[in-house]
1. Under the condition of being in contact with a helix residue (DSSP H, G or I) (Cβ under 9 Å, 6 or more places away or on another chain) and either touching a residue at least 40 places away in the same chain (Cβ under 8 Å) or assigned by TED's automatic domain parsing to the domain that holds Pro158 (or both), which residue from segment 306-345 is farthest from Arg219 (Cα to Cα)?
2. When both residues are 6+ apart or on different chains and their Cβ atoms are under 9 Å apart, which pairs have a first residue that lies in segment 96-111 and is not assigned by TED's automatic domain parsing to the domain that holds Pro270, and a second that is modelled with pLDDT under 95 and crowded, with 22+ Cβ neighbours inside 10 Å?
3. List pairs: first in segment 112-141 and under 30 Å from Val249 (Cβ atoms), second hydroxyl-bearing (Ser, Thr, Tyr) and crowded, with 18+ Cβ neighbours inside 10 Å, Cβ under 7 Å, 6+ apart or cross-chain?
4. Within segment 140-171, track down each residue that is away from the ligand (no atom under 16 Å from the Cβ) and of a type in the set (S, T, N, Q).
5. Quick check on this structure: which one of Gly56, Gly70, Gly78 is of a type outside the set (A, V, I, L, M, F, W, C) and within 16 Å of the ligand (Cβ to nearest atom)?
6. How many residues are surrounded by 18 or more Cβ atoms within 10 Å (Cβ to Cβ) and within 15 Å of the ligand (Cβ to nearest atom) if we restrict to segment 110-139?
7. Exactly one of (1) modelled with pLDDT under 95; (2) part of a loop (DSSP other than H, G, I, E, B) is unmet by Leu169. Its number?
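The values are calculated or read from the model by the stated rules, or taken from the named source; none is laboratory data. Note that the coordinates shown come from a computational prediction; the quantities given were computed from them, not determined experimentally. Don't worry about glycine lacking a Cβ; one is built from the backbone with ideal geometry, like all the others, and counts go over all protein chains shown.
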Amino acid sequence: MKPVNIKNKIHPDKARLLIGVMAMTLAGLLFAGQSWAAQHEFSMTIDEVSIEVAPGFTNKVFAFNGQVPGPLIHVKEGDDVTVHVTNNTTLPHTIHWHGINQINSWHMDGVPGVSQKDAIQPGESFTYKFNADRPGSLWYHCHVNVWEHVATRGMWGPLIVDPKEPSALEKRVTKDSILMMSTWESAYANSYGKGGMPQDVADYFSVNAKSFPYTQPVRVKKGDVLRMRLYGAGDETHQMHMHGHDMLVTHKDGYPLANPYYVDTVPVGPGERYDVIVGMNNPGYFVMHDHVDKHMTNNGAMMGGPMTVFEYEGVKMDDWYAWKDKVYDPNFFYSVSLTQGSGLFNSAPFMGKPVEQARKRR
Ligand SMILES: [Cu+2]
């Protein structure tokens, strides 16, 4: 920048005035602070990869950014969100932003032929633009052949919209987590384009796309206030039961309840989300599991399915503890990503292995 040019064009008095106005504008922006809605721009691909859900059981999936569950998208209420989506798979897809009301943006709702002109064809891209018009535990999933793509091919991920004004209870949370339950059909695990019909049998059950023993513990310390955001991402109801603690149900589908209530078992049906807040005040090792017995099996073998253990810091681990030698992943329930503010957060441990594309792209 050459100051001479500016001097030639703008009289010094005018320049001073201009600088003054700019300074005031900047001060105004800073002052407005939190009420200033942020603009976010993210990119996601949809890829054909294979994930290992349980020991010896791999499933071909359509994976957002190559991972199941999809990356965490974390924004604030009122923010504007742009997501560029590229379909690298052999079948068409869309994204439905589940929970977003799409006020004045209903063509971004992701239902082909109704609220989006066409699905995103293989090799093509589409840009979604919407406002995060309400807070809560929302999610995103495909809306093409949901029977297969959502129920058995892992096309889902969390969209967390922080409220402008969190409740007093929410402010006490010291550890946040996301648990997305779903089911799998081994008969069609490796056959894209099949599965998810009423006559098909689900025989693997998971949280964040892993079945016990591939699931992970939740490490806590006494005094922690743990929030769990429970999602029914698949096609069956999961009766999540926590041992040793009461869970206070605070939100349903992202909406704060007028009267939060205590439970020890919470039913999480397809599409639903329940936020529960738990005072971690009972040191020990306690499980949380799905109380639908068949969900606690891997292809009919005990025991498997969506299960975790709350491991308190400072409590001695018994020699006979099932997960004594477990390699701990502190981000398996997104607890690390959730501390990092707004953004899109990939998670390497959720990444699948690329599969050879047997079908030709159209
Ligand atoms: Cu799809």
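1. Step one: filter segment 306-345 for residues in contact with a helix residue (DSSP H, G or I) (Cβ under 9 Å, 6 or more places away or on another chain), giving 306-307, 329, 331-332, 343, 345.
Narrowing the set further to residues that are either touching a residue at least 40 places away in the same chain (Cβ under 8 Å) or assigned by TED's automatic domain parsing to the domain that holds Pro158 (or both) leaves 306-307, 329, 332, 343, 345.
Numbers: Pro306: 17, Met307: 14, Asp329: 10, Phe332: 11, Gly343: 24, Phe345: 21 Å.
The qualifying residue farthest from Arg219 (Cα to Cα) is Gly343.
2. From residues that are not assigned by TED's automatic domain parsing to the domain that holds Pro270, there are no pairs.
3. Sorted first by the residue in segment 112-141, then by its partner, the pairs are Trp139/Tyr231.
4. Taking segment 140-171 first, the residues away from the ligand (no atom under 16 Å from the Cβ) are 158-171.
Within segment 140-171, just Ser167 meets the criteria.
5. Details: Gly56 fails: within 16 Å of the ligand (Cβ to nearest atom); Gly78 fails: within 16 Å of the ligand (Cβ to nearest atom).
Every option except Gly70 fails the conditions.
6. Residues meeting the conditions: 8.
7. Result: Leu169 passes all but (2).
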